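Notes follow once the structure below has been shown.
Derivation of every value follows stated rules applied to the coordinates shown; laboratory data play no part. Predicted, not measured: the structure shown is a model, and the values here were computed from it. So basically every Cβ, Gly included, is an ideal-geometry build from the backbone, and we count neighbours across all protein chains shown.
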Amino acid sequence: MKKNKEFLYNYLNAYAPVAQETEGQQVWAEYIAPFVDEINTDAYGTSYGILKSKTKFNTEFQKVVIEAHCDEIAWIITHIEGDGMIRVKRHGGSDNMIAPSKTVMIHTHNGTKVRGVFGWPAIHTRKSYTEMGYDQHELWVDTGLKTKKAVTKAGIEVGNLITFDDQFHEMGDFYVGRSLDNKIGGYIIAEALRKIVEEGIELHYDLYVVNSVQEEVGLHGAKKIAKHLKADLALVHDVCHATDTPKIDKAKDGDNKAGDGPCLEYTAQNHREINKMLREVAKDNKIPVQLTVGSMGNDTMAFFMENTPTAILATPLRYMHTTVEFAHKKDVKNCIKLFVAFLKALTPEKINKINNK
């Protein structure tokens, strides 16, 4: 298996629940290390590599960021009952409806992992159910241990995080997994960096490749790093909704097809000059793109609030915030191509123009 494919599997299978992303970040940082001049990690776990410009006769370089977030949605233990059943609430945008009967991994405070399952009564015993299933406080995790004492002896405590344990795989034309939102973005920016270095592309600015934490609970990692870096431009990756499956309202969420290319979003914080340049670069390089509105609930907002011109390249994702998120292989490939082409075409003059300098 090629190193980039091995990295894809290792990174997507690594656990990175919100606020406890270390395992995933270590895989990511180890992969990009050969391609950067410097790697840093902040106090809360956001990692970034710096590829310094090799342009001569220049003493001060602009900062350009490419960014994704590494955290995956999870559950957090609220209390343990006397009979050993574990109660939880959402930690990020976890879905009550898909939880029942799923196997999970409990991440203890001491770093060990314990398996469990979300219990669910047999169909014969249920009187009714709503479309959303049980409320989050009605869910429970069963570890097979019969008492609270036995559960706590296994290292399980209040505040432990719980993730689904489904593993990444390929199915037809798609990558499939529990945390493509947004670890597929971490893969994309890492691959864009690798291609820039291996193809000897000369950048006339310092490139910061950033993998942020805690996006799913409020963009916290990106807010911190955006304030710290004060970059001149930030191109973010996240996922958006692929709306080419049943039960999706295109009037509400747009007409985005998996396989038709990455999406450019036109929500207010996405800088129109960056979007214009992305479209021109995509056209020049024959890279398909789709247009969508998108949302304000992604890391572009963190850079926007620090007055860093920003925009997003989004990979259309089927079944977001489930254990079977689908990303089309062509979209991933074309998103990497567009990141590389954009960074190659970006000049100090264009950065200054975008910043009205």
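Data overview
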{"read-out": "Longest exposed-site-free window of the chain, the sites being GluC sites (Glu not before Pro) in a DSSP loop that have at most 16 other C-beta atoms within 10 Å", "value": "203-357"}
{"read-out": "Gyration tensor verdict on region 255-357 (Cα atoms; rounded if a/c is under 1.5, prolate if a/b is larger than b/c, oblate otherwise)", "value": "oblate"}
{"read-out": "Percentage relative contact order, the chain, counting C-alpha pairs under 8 Å, at least six apart", "value": "22"}
{"read-out": "Length added when fully stretched, residue 98-residue 173, from 0.36 nm per residue minus Cα-Cα", "value": "24.6 nm"}
{"read-out": "Cβ-derived FRET efficiency at R0 30 Å, residue 43 paired with residue 149, nearest 0.05", "value": "0.25"}
{"read-out": "Segment residue 293-residue 61, length gained on full extension (0.36 nm per residue, minus Cα span)", "value": "80.2 nm"}
{"read-out": "Per DSSP, loop trypsin sites (Lys or Arg not before Pro) in region 13-118 with at most 15 further Cβ within 10 Å", "value": "52, 54, 56"}
{"read-out": "31 Å Cα-Cα threshold exceeded, pairs from 227/357; 3/250; 113/247; 2/353", "value": "3/250; 113/247; 2/353"}
{"read-out": "Length added when fully stretched, residue 347-residue 272, from 0.36 nm per residue minus Cα-Cα", "value": "25.3 nm"}
{"read-out": "Computed [θ] at 222 nm, helices only, for the chain once each DSSP H run of length n ≥ 4 contributes -39500 (n - 2.57)", "value": "-8500 deg cm²/dmol"}
{"read-out": "Residue of 317, 180, 51 that the Gaussian network model of the chain assigns the largest fluctuation, springs spanning Cα pairs under 10 Å", "value": "51"}
{"read-out": "Gyration tensor (alpha-carbon) shape descriptor, the chain, a/c threshold 1.5", "value": "prolate"}
